[in-house]
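The values are calculated or read from the model by the stated rules, or taken from the named source; none is laboratory data. On a predicted model such as this, the values are computed, not experimentally measured, just so you know. Don't worry about glycine lacking a Cβ; one is built from the backbone with ideal geometry, like all the others, and counts go over all protein chains shown.
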């Protein structure tokens with residue numbers, strides 16, 4: 001069940017005013033949506049990479065990837081069908097990631113008329129030349145894996161004459177939807193007479209973690225609108241809420 005944008009606005013207003021005793025800046029729907037989308041982006045970065053570079057206080061230590069916190073964004077087979085690969089040259093194949101692609105998780109490839117699945121081993125682009133020459137790391141039909149790298153929003157696979165892949169079975173994390181209350185027009189239409197309103201868009205992150213999204217949003221607002229002392233007070237209170 002999606003998290004409604006109305007509920008996000010309610011929770012944001014409640015938490016922000018509770019921490020600031022109603023002394024903070026009034027937020028319009030546009031401003032609420034903007035900070036909520038910033039929080040959603042930061043949430044995604046934290047739980048994809050298991051890092052918290054901006055030091056948001058989440059009430060727990062971020063020490064590893066927590067893919068369960070992104071489970072509504074995981075795209076995988078069989079809902080996402082096997083995809084065709086394109087032969088580039090010299091046994092190099094590629095797949096163009098979809099527009100909603102955000103982060104690679106895993107993949108397997110198949111040859112024509114063959115049920116054998118070959119694991120895709122992702123290598124750093126700078127290591128690729130060495131890996132392709134290394135006896136124990138290069139593509140191997142015997143050990144059922146193919147060397148690959150990611151660049152320019154493409155997955156490149158190096159068959160080396162060992163494997164002739166035609167189909168890709170991919171698991172990835174897609175971009176989350178940008179929430180919108182649907183009460184204001186687009187930036188381009190704002191000066192028009194009776195401009196059409198943007199469509200309402202709910203949040204598609206897991207509903208059980210809505211408090212973390214709000215926590216990040218409130219801390220972001222504290223950074224933007226508060227002095228250092230106020231931010232520290234709000235952060236201490238926020239930790240007690242998570």
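Brief remarks on what is shown
- Scanning region 35-56 for residues that are crowded, with 16+ Cβ neighbours inside 10 Å and either over 16 Å from residue 173 (Cβ atoms) or outside the structural domain of residue 199 (by TED's automatic domain parsing) (or both) yields a total of 6.
- Single residue of 90, 99, 68, 84 found to be farther than 18 Å from residue 49 by Cβ and either at pLDDT below 95 or not assigned by TED's automatic domain parsing to the domain that holds residue 169 (or both): 90
- Residue match in region 146-161 (condition: in the same structural domain as residue 85 (by TED's automatic domain parsing), without any contact (Cβ under 8 Å) to a residue 12 or more places away in the chain and under 14 Å from residue 92 (Cα atoms)): no
- Checked against (1) at pLDDT 90 or above; (2) surrounded by 12 or more Cβ atoms within 10 Å (Cβ to Cβ); (3) more than 30 Å from residue 188 (Cα to Cα), residue 78 meets all criteria but (2).
- Residue count for region 68-107, restricted to those that are outside any strand (DSSP E or B) and touching a helix residue (DSSP H, G or I) at 6+ places or on another chain (Cβ under 7 Å): 2.
- Residues being crowded, with 17+ Cβ neighbours inside 10 Å and over 26 Å from the mean Cα position of the chain (by Cα) - total across region 121-146: 5
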